[in-house]
1. What percent of all Cα-Cα pairs in region B:124-210 falls in each 10 Å bin, counting up from 0?
2. Need the full-extension length gain, B:Ser180 to B:Glu74, defined as separation in residues times 0.36 nm minus the C-alpha distance. One decimal, nm.
3. Could you give each residue of region B:60-67 its phi-based ³J(HN,Hα) in whole Hz, using Karplus coefficients 6.51, -1.76, 1.60 with θ = phi - 60°, and x for Gly or Pro?
4. Grab the beta carbon distance between A:Arg61 and B:Lys54, set R0 = 35 Å, and tell me the FRET efficiency rounded to 0.05.
5. Taking the Cβ-Cβ separation of A:Val5 and B:Arg35 as r and a Förster radius of 45 Å, what is the calculated FRET efficiency to the nearest 0.05?
6. Which cross-chain or sequence-distant (5 or more) residues have an amide H under 5 Å from the amide H of B:Asn119, H modelled 1.01 Å from N in plane?
7. Given a cut-off of 26 Å, what percent of all Cα-Cα pairs of the protein assembly as shown lie beyond it?
8. Can you tell me, using C-alpha contacts under 8 Å and at least 6 residues apart, the relative contact order of region B:2-203 as a whole percent?
Amino acid sequence: MEIDVNYLKNLVKARLLAMPPDISFSVGNFGDYTRNELIEQVEQGTEIGKATIDMQLAFIRKMPGILNTQ
Amino acid sequence: MIVIRTNHDIATSYLFAFSEELIKEAENKGFKVARIEGINVSETNLRSRIKNKKPSFIFFNGHGSDTSLFNNQEQEFINVDSADVFKEIVTYAIACNCLVKLGPAAIENGGYSFIGYKNPFWIARDHKYEATPLKDKIARPIMECSNIIVKSLLKGNTVEQSVKKSHENAKESILSLINSKEPLAPASLQALVANDSALDFKGDASAKIM
């Protein structure tokens, strides 16, 4: 099933927006990003934006399995 | 053992700070720890230390790519062409993506095992604690999941057991963070899940460092 890229972007942006603004992420040699900067990167479809989407998707996929063991 | 630590940006300053306890623990257990840090991180220095110290374990903290490890100037200092440097050694590299190609190259060149990450290594942090990483409760669970690998190896466990301990620790931390009322917990949670998914090893599962 093909997933709409815009849907994914909006999903990830919404998930990031749910976090407090004083959070930052250091992502290897991509650098350091505030929540809002990451949202911008997702919107622009940059390499770090795509890495952020991958990170969020990994989270969404893995969580049901983890919660089932709770 | 050889501990390599770059320290030139926020991410590497976090790795630097959180790895200090591992050096102390190793020394307490009788390991002779050779440090290669900051501007001294180079292939020449690493080869020289390996020749003199004949380490059983290399622990790298810094940036990387799928084919290389970076020095303090964010330039490659070890890559797939120089992966013979890992010969007959167990290596753990906290560096983005290096398990993808550098890990297999290390094993092809006689490395016993290579523990690393298949994707970028995420550190969620509270920017209030940028200058004092050890006080950062958001980053702590992420760094502890990584540190447990080294602690387990120092206790004499195998590579496979040590990676498994990290996965188990990640699962416990994840479940704790899910139920946490800390507003910044979701950031820790997501970074932890990402890193845990990316963690794996190549080479001999039964390799030990002592």
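Read-outs throughout are calculated quantities, based only on the coordinates presented, and are distinct from any laboratory measurement. The shown structure was predicted, so the numbers you read here are calculated from the model rather than taken from an experiment. A quick note on method: Cβ atoms are made from the backbone with ideal geometry, for glycine too, and the neighbour counts reach across all protein chains shown.
1. Each 10 Å bin holds this share of Cα pairs: 18, 43, 27, 11, 0.
2. 34.5 nm
3. Coupling constants for region B:60-67: 9, 10, x, 8, x, 9, 5, 10 Hz.
4. On the way: r = 43 Å, r/R0 = 1.23.
FRET efficiency, A:Arg61 to B:Lys54: 0.20.
5. Working: r = 45 Å, r/R0 = 1.01.
Computed FRET efficiency for A:Val5 and B:Arg35 comes out at 0.50.
6. Amide H neighbours of B:Asn119, under 5 Å, 5+ apart: B:Asn97.
7. Numbers: 15545 of 39060 pairs.
In whole percent, the long-distance tail amounts to 40.
8. On the way: 387 pairs, mean separation 38.4, N = 202.
Relative CO of region B:2-203 lands at 19 percent.
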